[in-house]
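What follows is a set of notes on a single structure, which appears directly below.
Quick note: the coordinates plus some simple rules give every number you see, no bench work behind them. Because the structure is predicted, anything quoted here is derived from the model rather than measured. Ideal geometry is used to build each Cβ from the backbone, glycine not excepted, and the neighbour counts take in all protein chains shown.
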Amino acid sequence: MSVSYHQRSIETVLASAAATFPVIVVTGPRQSGKTTLLKHYSSKTHRYFSLEDPDVRQQVVADPRAFLGYYGGPLFLDEIQYVPELFPYIKTAVDENAKPGFFLMSGSQHFPLMNNVSESLAGRAAILTLLPFGWLEFFGTGEYLPRNCPEKSIRGWYPQLLVQKKTSRDLWYGSYIQTYLERDIRNITNVGDISTFERFLRLLAGRTGQLLNMNELGREAGVSSSTTKRWISLLETGGQIFLLQPYHRNFGKRIVKTPKIYFIDTGIATYLFGLHDEEQLAKSPYWGNIFETLVIAEWVKLFRHRGLLPPLYFWRDNHGDEIDLVVDFQGELHAFEIKSTQTPVPNHASNLVKWKSWAGPACAQSVVLCNITGSRPLYEDIPARCWVDGIDEWQKGRLP
């Protein structure tokens, strides 16, 4: 059954990069839509090869120069990390005939892919990251309903689950995690006991939206601190998690230096944590963290899909005063509190009031993003806003 293509917000920066760079590399988590995106973009211009196909791979490895010479024209090389031997020959081809957008590549295993790109294609390749869909990207603002938020959070944001409604969420995530463990993790790093890594993942999912205590996490998982740091780095660069760093400016107080951990996909986080039903999630004490994860992940995707590093932080001092999100963009600070409530009250703005006095003139905006429709006054000039509308309005006029 054919499925209609759903436009991705990264397409604008993809087209811009292809007009300038001879090589475009799109990386990101497995099943985030990289192949679909590049096939759609290049269907009339590039010849497609999947290097995951053993026959194609054997042909390329046997004689890479002949492969590139025979097919000549623009190429889309899918899952390029499976044939690292090809990179030096691509470099030569680029240097001899550096036409913009000539090579399109995709890859899921971030570490080996980026190592080869850095070694052979530095300065020749534009690197883009495609994450699962964002709410704005797939649904837009539309008629947002707060009751749909737990349902969408459970279902998650991978294309197949969004587009194909009949796909079993539990079966899909179970298979995805097993594939991720067996195919990606074993290939990238030396994980002797996959069951230990899976336990590590489940423990990490239970911490989404919280400060990341690596020592505590390592003790519970039964691994060393060095292993904990390596696995966290692996998950972060692979697009599975995002570490929200503390904002660096002191404002006269001692600040917490530990990052907060967020899963990029709420479906994976809830699945790993054992939450499989939207009603169960909505009534659980875990809902606040999942809602915050949903909002932070939306901000991450907003920037990543425009080819930008997310300028996102949180602020917290040793007295417990905290701002959930600080966006440091073009010399201005935009502060947001994130609340899962459908009934915002003035007290929800209390830390933002303090923040405004700390940040001074640099503070351009202070908003409580919550699970409501529309906008309403909350305290002085701090409103409570539907989180989807709040993010959408912020990006207008600021991001391409």
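With the charge dipole of region 11-129 set up from +1 on Lys and Arg Cβ and -1 on Asp and Glu Cβ about the Cα centre, the Cα lying farthest toward the positive end among the listed residues 22, 93, 60 is that of 22. Among beta bridges from DSSP that stay inside the chain, the antiparallel ones total about 40%. When a/c reaches 1.5 or more, the comparison of a/b and b/c decides; with that in mind, is region 135-395 rounded, prolate or oblate per its Cα gyration tensor? Since a/c reaches 1.5 but b/c is at least a/b, the shape of region 135-395 is classed as oblate. Rounded to the nearest 500, the 222 nm mean residue ellipticity of the chain from helices alone is -12000 deg cm²/dmol, with -39,500 (n - 2.57) taken per DSSP H run of at least 4 residues. Between amide H atoms placed 1.01 Å from N, distances below 5 Å from residue 314 occur with 245, 247, 326, all of them 5 or more places distant or on a separate chain. When only the Cβ of Lys, Arg, Asp and Glu is charged (+1, +1, -1, -1), the dipole of region 11-129 relative to its Cα centre reaches about 280 debye. Counting pairs of alpha carbon atoms under 8 Å apart in space and at least six apart in sequence, what relative contact order in percent does the chain give? Relative contact order here is 15 percent. The listed peptides 163-173, 355-365, ordered by packing as a protection proxy, come out as 355-365, 163-173 (highest mean of other Cβ atoms within 10 Å first). With θ taken as phi - 60° and the Karplus curve 6.51 cos²θ - 1.76 cosθ + 1.60 applied, the whole-hertz 3J(HN,Hα) list for region 164-176 is 9, 5, 7, 5, 5, 4, 5, 5, 5, 5, x, 5, 4 Hz, x standing for glycine and proline. Phi angles across region 219-225 convert, under the Karplus curve 6.51 cos²θ - 1.76 cosθ + 1.60 with θ = phi - 60°, into 3J(HN,Hα) values of 4, 5, 7, x, 10, 6, 5 Hz, Gly and Pro given as x. Residue pairs exceeding 30 angstrom between C-alpha atoms, taken from 44/396; 34/91; 34/166: 44/396. Could you compute the FRET efficiency for residue 392 and residue 65, with r as their C-beta to C-beta distance and R0 at 51 Å, rounded to 0.05? Step by step, r from the Cβ atoms, then E = 0.55.
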